[in-house]
1. Keeping to region 98-118, report how many residues are more than 20 Å from the chain's Cα centre (by Cα) and aliphatic (A, V, I, L, M).
2. Exactly one condition in (1) buried (at least 18 other Cβ atoms within 10 Å of the Cβ); (2) within 10 Å of the chain's Cα centre (by Cα) is not met by V88; state its number.
3. Could you tell me whether any residue of region 60-82 is among the aliphatic types (A, V, I, L, M), farther than 22 Å from A129 by Cα and surrounded by 16 or more Cβ atoms within 10 Å (Cβ to Cβ)?
4. Could you go through region 30-38 and let me know if any residue there is surrounded by 13 or more Cβ atoms within 10 Å (Cβ to Cβ), of a type in the set (F, W, Y), closer than 21 Å to A125 by Cα and modelled with pLDDT of 95 or more.
5. Would you pick out the residues in region 94-106 that are open to solvent by 30 Å² or more (accessible area, probe 1.4 Å), touching a helix residue (DSSP H, G or I) at 6+ places or on another chain (Cβ under 7 Å) and assigned to a strand (DSSP E or B)?
6. Of all residues in region 107-132, which are open to solvent by less than 50 Å² (accessible area, probe 1.4 Å) and either in a helix (DSSP H, G or I) or in contact with a Ser or Thr (Cβ under 7 Å, 6 or more places away or on another chain) (or both)?
Amino acid sequence: MPWRSAPVVVCAGVLFYWALPVCAGDAASEERAWIGRAEALVTAAKGHAEAAAFQRDVQAHRERLRGIVRRAGPEPTPERRQLHASLVLLDALLKSASDCQQAGHVVCEARLIRRLDAQLEAARAQLKAVES
């Protein structure tokens, strides 16, 4: 079983390192974990998180997504390709949320929050399609 290492990430002064075995069956679990973390970031955006820490978390999350897409290879299944496109869109929306700052906190327009929620649901639905 090949081992792949993800980068060392420092978020809010805490060191995270993950080395995950990546096999065909592990891709969905890694994608599921990414979506779960995206959900936490959406919740943080809604809760007016501290902007600098939120931006670092979003950037680390983006790097993790890059690894997921790279490990899928040059020709993923059409379902997985659609899921990854959905995750990339969700990531772009999270980046937009990280740019919404007011007095050092994340403050997003209601329209962006609705789009984040909708894209999160779309990603969950596409993950179910990949897993079935």
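The values are calculated or read from the model by the stated rules, or taken from the named source; none is laboratory data. Treat the numbers as computed from the prediction; the structure is a model and nothing was measured. So basically every Cβ, Gly included, is an ideal-geometry build from the backbone, and we count neighbours across all protein chains shown. These accessible areas exclude ligands, DNA and RNA; they are computed on the full protein's heavy atoms, side chains included. Shrake-Rupley method; radii C 1.70, N 1.55, O 1.52, S 1.80 Å.
1. Of the residues in that region, 2 qualify.
2. The one condition V88 does not meet is (1).
3. Going through region 60-82, the residues among the aliphatic types (A, V, I, L, M) turn out to be 60, 65, 68-69, 72.
Then keep just the ones that are farther than 22 Å from A129 by Cα; that gives 60.
When the remaining residues are screened for being surrounded by 16 or more Cβ atoms within 10 Å (Cβ to Cβ), the result is 60.
Scanning region 60-82 turns up at least one residue that is among the aliphatic types (A, V, I, L, M), farther than 22 Å from A129 by Cα and surrounded by 16 or more Cβ atoms within 10 Å (Cβ to Cβ).
4. Yes, some residue in region 30-38 is surrounded by 13 or more Cβ atoms within 10 Å (Cβ to Cβ), of a type in the set (F, W, Y), closer than 21 Å to A125 by Cα and modelled with pLDDT of 95 or more.
5. Hits for region 94-106 are Q101, H105.
6. Once the filter is applied, which keeps residues that are open to solvent by less than 50 Å² (accessible area, probe 1.4 Å) and either in a helix (DSSP H, G or I) or in contact with a Ser or Thr (Cβ under 7 Å, 6 or more places away or on another chain) (or both), region 107-132 yields L112, I113, L116, Q119, L120, A122, A123, Q126, L127, V130.
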